[in-house]
Amino acid sequence: MRAINQRIIDRLKTLKIEGKSITSIQTDKGLAALIGVSRQTVATWREKGIIPHTTIQGYANYRIKDVIRAMEAHNSKSDYSKALEVLEKDAAFIELENRITELTKRIAALENSKQQ
């Protein structure tokens, strides 16, 4: 992923050097075409919070300079940092599962006591 991110960052910086506006706002389709990835990739990055967006009339919009900053920040994270983020999310998910299991047991116990 890091090589892909760097390629995209380089592409966006090239646009800046070529004098093309990087302050423009793009849709999923426009951003995907601009950086050479699929619309699904753009949507996935948006959903994961990798790239910032605003929603106007139900459509996601991206400011190119914000995308550049986000991609650079994401690219600069070490593998350790990324792995730690995943572990923290997994730990939170496991804790949530444990709480659900505990609440399910309590509900079952309450239902059993009502039936008796």
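Derivation of every value follows stated rules applied to the coordinates shown; laboratory data play no part. Since the model is a prediction, treat every value here as computed from it, not as a measurement. Using ideal geometry, Cβ is built from the backbone for each residue, glycine included, and neighbour counts are taken over all protein chains shown.
See the values below:
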read-out: Qualifying aspartates and glutamates (Cα of each under 13 Å from Cα of residue 114; at least 8 residues distant if same chain); value: none
read-out: Dipole of the range 28-116, positive direction: furthest Cα of 41, 60, 107, with charges on the beta-carbon; value: 60
read-out: Within straight-line cross-link reach of residue 48, aspartates and glutamates at Cα separation under 19 Å, skipping those fewer than 8 residues along the same chain; value: 28, 66, 72, 79, 85, 88, 90
